[in-house]
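Trainee: I have a structure I would like to understand better, so I am pasting it below and will then ask my questions one at a time.
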Amino acid sequence: MLGGEFAGHGAQVGVECLNQDPKSPTTAHLGPAWKISQEEIYLIKNHDSKECQELLMLDKHPNNPNQAGQFPISWSKSYGQGRVFYTSLGHREDIWDDDTPPNFKRINSKEISLAYQKHILEGIKWTLGLSGEVKP
């Protein structure tokens, strides 16, 4: 149903997520590439990009930049009569909370947090059928 399975993750790293669908309400605000200062990136197995609408991806392994490939980060898809929105982002408090206290040692900027919040909100709205078309 989800469109892939968790395969593991490495250490938290900085990444540049490539926007695969700049017209999607979930990614329209992110521009062609969205840089995140630090995040734990999930590696996904059994993901078929033909069965999903790719939203964000990496073009290199997050923990080995010399290893090129396609590493999905976020996607949407239909499932039966419903909709599925998935994002692997959101592990660090300072990516989802724009008011993270200073003693947390914020690495991701407030702008990254606000962009992430919009990514999630628009994903929820899309899943509820309040915006956009279902693809594929």
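Trainee: Could you list, in sequence order, all residues of segment 103-113 that are open to solvent by 50 Å² or more (accessible area, probe 1.4 Å) and not in a helix (DSSP H, G or I)?
Mentor: Scanning segment 103-113 gives 105, 106, 107.
Trainee: Separate question: If a residue has to be open to solvent by less than 80 Å² (accessible area, probe 1.4 Å) and either in a strand (DSSP E or B) or out of contact with any strand residue (DSSP E or B) (no Cβ under 7 Å at 6 or more places or on another chain) (or both) to count, how many in segment 4-13 make the cut?
Mentor: 5
Trainee: Further question on the same structure: Condition first: in a strand (DSSP E or B), open to solvent by less than 30 Å² (accessible area, probe 1.4 Å) and in contact (Cβ under 8 Å) with a residue 40 or more places away in the chain. Now tell me which residues in segment 14-37 satisfy that.
Mentor: Once the filter is applied, which keeps residues that are in a strand (DSSP E or B), open to solvent by less than 30 Å² (accessible area, probe 1.4 Å) and in contact (Cβ under 8 Å) with a residue 40 or more places away in the chain, segment 14-37 yields 15, 17, 34, 36.
Trainee: Can you confirm whether residue 43 is open to solvent by 30 Å² or more (accessible area, probe 1.4 Å), part of a strand (DSSP E or B) and touching a residue at least 24 places away in the same chain (Cβ under 8 Å)?
Mentor: Criteria met by residue 43.
Trainee: With respect to the numbered conditions (1) among the acidic types (Asp, Glu); (2) at pLDDT 95 or above; (3) under 18 Å from residue 21 (Cβ atoms), which one is the sole condition not fulfilled by residue 133?
Mentor: (2)
Trainee: Here's another thing I want to ask about it. Out of segment 28-48, which residues are within 14 Å of residue 86 (Cα to Cα) and out of contact with any strand residue (DSSP E or B) (no Cβ under 7 Å at 6 or more places or on another chain)?
Mentor: 48
Trainee: Would you mind stating whether residue 132 is in a strand (DSSP E or B) and either over 25 Å from residue 11 (Cα atoms) or not polar (S, T, N, Q) (or both)?
Mentor: Considered against the rule, which asks whether it is in a strand (DSSP E or B) and either over 25 Å from residue 11 (Cα atoms) or not polar (S, T, N, Q) (or both), residue 132 comes out as no.
Trainee: Here is a further query. If you take the residues of segment 67-102 that are part of a loop (DSSP other than H, G, I, E, B) and small (Gly, Ala, Ser), which of them is surrounded by the fewest Cβ atoms within 10 Å (Cβ to Cβ)?
Mentor: Step by step, filter segment 67-102, then rank; the result is 80.
The values are calculated or read from the model by the stated rules, or taken from the named source; none is laboratory data. What you see is a predicted model; the values in this text were computed from it and never measured. Glycine gets a Cβ as well: all are built from the backbone with ideal geometry, and neighbour counts include every protein chain shown. Ligands, DNA and RNA are excluded from the accessible area calculation, which covers all protein heavy atoms including side chains. Shrake-Rupley method; radii C 1.70, N 1.55, O 1.52, S 1.80 Å.
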